[in-house]
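Laboratory data are not the source of any read-out in this text; all were calculated from the coordinates shown. What you are looking at is a predicted structure, and each value in this text was computed from that prediction instead of being measured. Here the Cβ positions follow ideal geometry from the backbone for every residue, glycine too, while neighbour counts run over all protein chains shown.
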Amino acid sequence: MHRLMIVDDSKLIRQRIAREYDADTFELIGTAENGADAIDLFEQSSPDVVTMDLTMPKLDGIDCIEQLISRDPSTKILVISALNDTSIGIEALEKGAMGFITKPFSGADLKAALKEIIDD
Amino acid sequence: MSKVFGRYAAIIATVVVFLTLVLGVLGLNFYTSFQTEVTAEAVNIAGRQRMLSQRTAKSLSNLNYKFYTQDDLSIDIAELKAASALFDRSLKAFTNGGETNSTKGGAAFLEQVTSDRGREILSQANELWGPFYDRLSTMVDLAERSSLPISGQRQLSGLIADNVSYANSNINQILKLMNDLTNYQEGQATASADTSRLIQTLGIIASLVCFAIILFLIFGQLQRADRKALLAQRETRKIFETVDQGLFLIDRDFNMGSQQSKELERIFSSGFLAGKNLHTFISDIVSSTDLEKVLRYVRLLFDPHKKQKLLQDLNPLKKLPIQVQDQGELTSKYLRFSFSRVENNGKIEGVLASVSDISNEIRLENELIEETKRSEKQLEMISVLLSADANMLPEFIKSSDRTYEKINQIFRNPARNSSEFKIKADSVLTLVHATKGESSLLGLTIISETCHEIEDKIDQLKLKNDIGGDDFLSLTILLDRLISTNEQMKSVMSAVAGHSQSPQTIDSGETQNLIKLATDVSRRQHKEVAFSTGGFDMPHLAPDLRKNILSLASQLVRNAISHGIESSDIRKTLGKSEQGSVKLCLLQENSGKLILSCEDDGAGINFESIKLEASKNGLIKAEDIDRVSSKQLLQLMLKNRLSTRTAADADAGRGAGLSVLGSISDQLGARVSLQTRQGVGAKFIISIPKTAPEMATKKLTEASYA
Amino acid sequence: MKEENLRVFLSSIVKYFAHTSDPSVNVGAPYLVDEIKDACKDYTGLISISGDYNGVCYFSAPAVLLRHLILSVGETDTSESMMLDAVGEVANTLSGNARKELGKGFEISAPHITKGLPTMETEGEGNRIYAIPIQWKSYKAMLGISLH
C-alpha cells in the first residue's frame with residue numbers, strides 16, 4: 001500500500017484525484033492546497049507518492065518538488081499541471097518528479113500515470 | 001561465450017592438434033636423442049670388446065713369456081684379470097641385458113640383444129669365450145697365490161700353455177665376432193636413427209599441415225567476418241542514404257556521431273555534420289531559450305530514472321520552424337526532432353535523434369484549419385442568410401456595397417487637421433449607423449456587430465484631442481471586414497442559387513452544352529477564353545423557341561470566339577489579358593421580351609474590311625463605299641454570307657454564321673443590334689418579342705389541346 | 001489583417017522621416033484600394049511578404065518628395081538613379097523593421113524598386129490594399145499594405 005498525498009490549489013481537482021486513484025494500491029494520507037502546507041503534511045505523514053500541481057500560492061510546485069525530494073529522494077512525484085509547456089515539464093523532471101500529466105486528464109490517464117511511477 | 005567457441009571450434013581443434021603434434025615431435029626428439037645415446041654406448045662397448053679381447057690375448061702372451069723368464073707376473077695378471085672380467089661382464093650384459101662399465105666411466109645399462117643376428121653372434125661368442133674365461137679365471141686364481149708349490153707351478157704352466165693355445169686358436173674368432181657385434185650395433189643404431197628421423201619428418205610435416213590448416217581457417221574466418229562487416233556497413237550506408245529522416249547519434253557529451261543519414265544534409269542543406277557538438281549545431285537553428293531547453297531535455301534522456309515515454313511527451317522540438325539557406329535562397333521549414341535512447345545491457349549509451357521535415361504536414365494542417373475556418377464562416381453565413389429575409393438580401397448587399405464605397409471615399413478624402421478628421425469620423429458614423437440598422441433588421445448580426453464596433457471606435461476616437469490618420473487604421477480594418485462579409489454573402493448566395501437550380505431546371509443541360517461548345521471552339525481555335533453564361537434556365541419557354549434561341553446563342557458564341565477573340569500572343573502584345581472573355585446572357589424582361597446578348601472583349605468588328613468584302617461581292621457599289629453606315633453593313637452581314645476570314649474551318653469562315661443569325665432572327669421577328677469598338681470588343685444584342693409569330697401559333701395549338 | 005502589423009510598417013515610415021530635416025509627418029486616414037496602381041506615385045519600393053501571411057508592402061513617393069529628401073541630406077545629385085536609391089532606402093528600412101518586429105510567420109523579401117507602376121501582379125481577389133497617405137512637407141506619398 002502506497003501512501004498518497006494530493007497537492008493542488010483547486011478543491012475540485014483535489015476531489016477529482018481523490019475520487020479517481022486506485023484504492024487497492026493507494027491510501028490517501030491527506031491533501032494540501034499549497035506548497036507550504038504540502039511540506040508540513042509531508043513531514044507529519046511521510047507519504048511516498050505525491051500528485052503535484054505547479055501553479056500554487058505560497059510555494060509553487062517546482063520549489064515544492066525540490067523541497068520534498070531534498071527531504072526524501074525516494075518520493076515519487078507525479079506532476080499534474082494545466083501548463084502544457086515542455087520547459088516546465090523538463091524543469092519538474094530535473095527537480096526530481098517522476099511523471100507528468102496535463103489537465104484536463106481522464107481517470108484512466110491518472111491511474112496509468114500513478115501506476116507507472118510506482119512501478120519504477 | 002559458447003557462441004564464440006562454436007564459431008571458432010574448427011580453429012581451436014586444429015590448434016590443439018597442432019600443439020599435440022609439436023609436443024609429440026619434441027618428445028620423440030627427446031626420446032630418440034636418449035635412444036641414440038644408448039645405442040651409441042652399445043656401439044662403443046661393442047668396440048671396446050674388440051680391444052678387450054686383444055688385450056686379454058696380449059696380456060696372456062706376456063704372462064706366458066714372463067712365466068718362463070721367471071719375471072714378476074703380477075702386472076700382467078692384473079691386466080688380464082681386468083680385461084677379461086670387463087669383456088665377460090659386457091658380453092653378459094649384451095646377452096642377457098644388464099649393467100656394465102660405461103666407456104665414459106660409470107655404469108651403462110645395455111638392453112638384451114634380441115634379434116636373431118645379434119643372438120647368433122653372441123651365442124657363438126659365448127661358446128668360445130665361456131670355457132676360455134673359466135680357464136683364465138682358474139689360471140689367474142692359481143697365479144695369484146703367493147707361494148706356489150712345484151706341483152702348482154706345473155699346473156700353472158699347463159694352464160698357461162693351455163690358455164695360450166686356446167687363445168691362439170680362438171682369439172681371432174672372438175675378435176671377429178666382436179667386430180661383427182660392433183658392426184651389428186652400428187647397423188642397429190643407424191636403423192633406429194633412420195626410423196626416428198622418418199617419424200620426426202612425418203611429425204614436422206603433419207604439424208606444418210596443421211599450421212597451414214589453421215592459417216586457412218583463420219584467414220577464411222577473417223574473410224567471412226570482413227565480408228559480413230562490409231555487408232553490414234554497406235547496408236547501414238544504404239539505410240542511411242535512403243531513410244527519409246535525418247538520423248544521428250548523440251553521446252553523453254552531446255557530440256554527434258560519425259554516422260549520419262543523407263537526409264540530414266538535405267534537411268539542413270549543409271555538408272557533413274559529423275563530430276559537431278549538438279550545442280553548436282542546434283544553436284544555429286533555435287533561439288537561446290529553446291537551445292537551453294533542448295540541452296536540458298537531452299540531459300534528462302541520459303538519466304535512466306526518467307521514463308522515455310514521458311520524455312517523449314515533453315520533447316521540445318516536436319515542431320521547430322527554421323530558416324535554411326538553400327541555394328542562396330532563404331526557405332522556411334518545419335522540422336520534427338525525436339529522440340530515443342540507445343541502450344546496451346540496460347545502460348544508456350547514447351541518444352538517437354531523428355529529424356524529419358514536416359513542412360508539408362504543417363502546411364496541410366494549416367490549410368485544413370484554414371479550410372475549416374472558411375467553411376465555418378460560410379456555414380455561419382448560410383445560417384445568417386437563412387435567418388434573414390432572403391428577398392431583401394440582394395437589395396441590402398447592393399446598398400451596403402454603395403455605403404462601404406462611400407465610407408472608403410470619405411477615408412480617402414484628404415484631411416488636414418484634427419477637426420477635419422473628426423468631421424470625417426462623424427460622417428462615417430452616420431453611414432455606418434444606417435447600415436447597422438438595416439443589417440440588424442435582416443438579422444445579419446455579423447454585420448451589425450461589426451458596425452457597432454466601428455461606432456464604438458469612433459466614439460473613442462472623438463474623445464481624443466488630437467486625431468490623426470493612423471487613428472483610422474482600426475476603422476479601415478473593420479471596413480475591410482464588412483466588405484469581405486458582403487463578398488462572402490455574395491459567393492454563398494450564388495452557390496446556394498447554383499445548387500437549388502440544378503435539380504429542377506430542365507435545360508441545365510443546354511447551359512452545359514453551350515459551355516461545352518465554347519470550350520470546344522476555343523480549343524480548336526487555340527484561344528484562351530473565359531466563357532460565362534446565364535439565364536438559359538427558362539423552363540416555361542416553348543421547346544421550338546428554346547431551340548431557336550439556342551441556335552442563335554451557339555452562332556454568337558462561335559462567332560465571338562473565332563472572329564472576336566484574338567490569340568493570346570496577339571492579346572499580350574496589345575496589352576490585353578491573355579485570356580479573352582465571352583459573356584452570353586439570356587434575360588426575360590417584365591414585358592416578356594427576351595434579350596439574348598453576347599459580349600466579347602476581342603478585336604471588335606472591322607467595318608472597313610467588311611466593306612471591302614461586300615464591294616468585292618458586288619453587294620455595295622464602289623461609289624457608295626464611303627457612305628454606307630455600320631447599321632447598313634450589319635444588315636448586309638446578316639443577310640449575306642460575308643466573312644473576313646481567309647480560311648474556312650468548322651467554326652467560321654464561310655460567312656454563314658451571321659446569315660444564320662439573320663435568318664433565325666427574321667423568323668422570330670427579333671431585332672439584332674451590335675455595339676462594337678475596334679480593338680476593344682463587340683456586343684450583339686438580339687431582342688426577341690414576347691409573341692414571336694411562331695411561338696404564338698405554338699401556344700395556340702398547345703392551348704387547344706389543353 | 002491585424003492593426004499591429006499595419007502599425008509596424010506605418011511606424012517604420014514615420015521613424016524614417018523623423019530622422020530627416022523635417023521630422024513632422026502627417027498620416028492620412030487609411031482607405032482601401034483594389035490594385036496597387038490605384039494608390040501609387042512616381043517611384044515605388046515594394047517588399048513582398050510570405051510565410052504564414054502573404055502579401056506586399058510598398059512605399060510610393062512622387063519625384064518631388066524624393067528630390068527634396070535627397071537635397072535635405074546635403075546631396076545635390078537628383079538624377080533618376082538617386083531617386084530610385086532614395087525610395088529603395090525607405091523600402092529597405094521598411095523591410096528591416098518588418099523583419100525585426102514581425103514574428104516568425106513573416107518572411108520579408110528584399111525591396112523591389114520601380115519607377116512608375118510596380119510590375120508586381122496583384123494578389124488574388126478580395127485582398128484589398130490598405131492605402132495609407134503619408135504627407136511629408138507638402139508632398140504626398142503612399143504606404144500600401146496588403147496582407148492575408
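Using the Karplus relation 6.51 cos²θ - 1.76 cosθ + 1.60 with θ = phi - 60°, the per-residue 3J(HN,Hα) values for the stretch B:215-220 come to 4, 4, 5, 4, 4, x Hz, with x marking Gly and Pro. With +1 assigned to the C-beta of every Lys and Arg and -1 to the C-beta of every Asp and Glu, and no other charges, what is the dipole magnitude of chain B about the Cα centre in debye, to the nearest 20? Roughly 1120 debye, rounded to the nearest 20.
Between B:Ile407, B:Thr280, B:Leu300, the Cα set farthest toward the positive side of the dipole of chain B (charges on each charged residue's Cβ, about the Cα centre) is that of B:Ile407.
Put the Cα centre of the stretch B:579-601 next to the Cα centre of the stretch A:25-76 and the gap is 81 Å. Over the stretch A:2-119, one equal point on each Cα, no solvent: what is log10 I(q)/I(0) by the Debye formula at q = 0.14 Å⁻¹? Once normalised to I(0) and log-transformed, intensities are -0.47. Using the empirical formula 2.2 N^0.38 Å as the baseline, the Cα radius of gyration of the stretch B:296-376 reaches a ratio of 1.46. Note on the protein assembly as shown: antiparallel DSSP beta bridges, both residues inside, total approximately 75 percent of the bridges counted. I'd like the FRET efficiency for B:Ser338 and B:Asp456, computed as 1/(1 + (r/R0)^6) with the beta carbon distance as r and R0 of 51 Å, rounded to 0.05. The calculated FRET efficiency here is 0.55.
For B:Lys238, what is the net charge nearby, where nearby means another residue's Cβ is under 14 Å from its Cβ and Lys, Arg count +1, Asp, Glu -1? List each step's numbers first, then the result.
Numbers: positive: B:Arg234, B:Arg237, B:Lys262; negative: B:Glu235, B:Glu241, B:Asp244, B:Glu263.
Once positives and negatives cancel, what remains is -1.
Which value at 222 nm does chain B reach when only helices count, each DSSP H run of 4 or more adding -39,500 (n - 2.57), with the total divided by all residues and rounded to the nearest 500 deg cm²/dmol? About -22500 deg cm²/dmol.
Distance from the C-alpha centroid of the stretch B:612-641 to that of the stretch B:215-260: 90 Å, rounded to the whole angstrom.
Compared with the dominant principal axis of the Cα atoms in chain B, helix B:74-96 is inclined by about 40°.
Aspartates and glutamates within cross-link reach of B:Lys527: Cα-Cα under 17 Å, excluding same-chain residues under 8 positions apart? Cα-Cα hits under 17 Å: B:Glu566, B:Asp569, B:Glu578, B:Glu599, B:Asp600, B:Asp601, B:Asp649, B:Asp651. For B:Asn101, the residues 5 or more places off, or on other chains, whose built amide H falls under 5 Å of its own are B:Ala108. Of the three principal axes defined by the Cα atoms of the stretch C:31-148, the extents in descending order read 43, 28, 23 Å. Give the lysines reachable from B:Lys66 as a straight Cα distance under 25 Å; neighbours fewer than 8 places away on the same chain don't count. Hits, sequence-local ones excluded: B:Lys58, B:Lys81. The GluC sites (Glu not before Pro) of the stretch B:567-611 meeting both criteria, a DSSP state outside H, G, I, E and B (loop) and at most 15 other C-beta atoms within 10 angstrom of the site's C-beta, are B:Glu578, B:Glu589.
A Stokes-Einstein calculation at 20 °C with viscosity 1.002 mPa s, built on the Kirkwood radius of the stretch B:384-495 over Cα pairs, returns a diffusion coefficient of 148 µm²/s.
For the stretch B:384-495, what relative contact order do you get, as a whole percent, if you take Cα pairs closer than 8 Å and at least 6 residues apart?
On the way: 87 pairs, mean separation 35.8, N = 112.
Computed over the stretch B:384-495, the figure is 32 percent.
When each of C:Tyr139, B:Tyr404 is scored by the number of other beta-carbon atoms lying within 10 Å, the sequence from fewest to most is C:Tyr139, B:Tyr404.
Stokes-Einstein diffusion for the stretch B:1-75, with the hydrodynamic radius set to the Kirkwood value over Cα pairs and evaluated at 25 °C in a medium of 0.890 mPa s, equals 136 µm²/s. Residue pairs exceeding 29 angstrom between C-alpha atoms, taken from B:Lys616/B:Lys683; A:Lys115/B:Lys347; B:Lys228/B:Lys319; B:Lys583/C:Lys37; B:Lys516/B:Lys611; A:Lys95/B:Lys262: B:Lys228/B:Lys319; B:Lys516/B:Lys611; A:Lys95/B:Lys262. Can you tell me the relative contact order of the stretch B:2-221? Whole percent, Cα pairs under 8 Å, sequence separation 6 or more. About 35 percent, as a whole number. Here the sum of -39500 (n - 2.57) over DSSP H runs of 4 or more residues, divided by the residues of chain C, equals -11000 deg cm²/dmol at 222 nm, to the nearest 500. Toward the positive end of the charge dipole of the stretch C:1-143, with +1 on the Cβ of Lys and Arg and -1 on the Cβ of Asp and Glu, the farthest Cα among C:Ser48, C:Gln135, C:Ala18 is that of C:Ala18.
Exposure proxy check: C:Met83, A:Met1, B:Met392 ranked by fewest other beta carbons within 10 Å?
Going from least to most buried by this count: A:Met1, B:Met392, C:Met83.
In this structure the amide hydrogen of B:Gly580, modeled in the peptide plane, comes within under 5 Å of the amide hydrogens of B:Glu528, B:Val529, B:Ala530, none closer than 5 places in sequence on its chain. The magnitude of the dipole of the protein assembly as shown, with charges of +1 and -1 set on the Cβ of Lys/Arg and Asp/Glu and taken from the Cα centre, is near 2560 debye.
Ranking B:Ala46, B:Cys210, B:Thr103 by how far each Cα lies toward the positive end of the dipole of the stretch B:2-221 (charges on Cβ) leaves B:Cys210 at the top. For chain B, the relative contact order comes to 7 percent (Cα pairs under 8 Å, sequence separation of at least 6). Cross-link reach is defined here as a Cα-Cα straight distance under 16 Å, omitting same-chain residues fewer than 8 places apart; for C:Lys115 the aspartates and glutamates meeting it are C:Asp38, C:Asp42, C:Glu80, C:Asp85, C:Glu89. Note on the protein assembly as shown: Cα convex hull, mean projected area over all directions, 97.1 nm².
As a rough footprinting exposure proxy, the listed residues C:Lys37, B:Lys639 were ranked by other beta carbons within 10 Å of their own, and the order from fewest upward is C:Lys37, B:Lys639.
Placing dummy labels 7 Å off each Cα toward the beta-carbon, the span from B:Asp71 to B:Leu587 is 18.0 nm. Expressed as a fraction of 2.2 N^0.38 Å, the C-alpha radius of gyration for the stretch B:246-357 is 1.04. Taking the Cα centre of chain C as reference, the dipole from Cβ charges on Lys and Arg (+1) and Asp and Glu (-1) amounts to some 360 debye. In this structure, the pairs whose alpha-carbon distance is over 29 Å, taken from B:Lys406/C:Lys100; B:Lys424/C:Lys140; A:Lys103/C:Lys2; B:Lys398/B:Lys457, are B:Lys406/C:Lys100; A:Lys103/C:Lys2.
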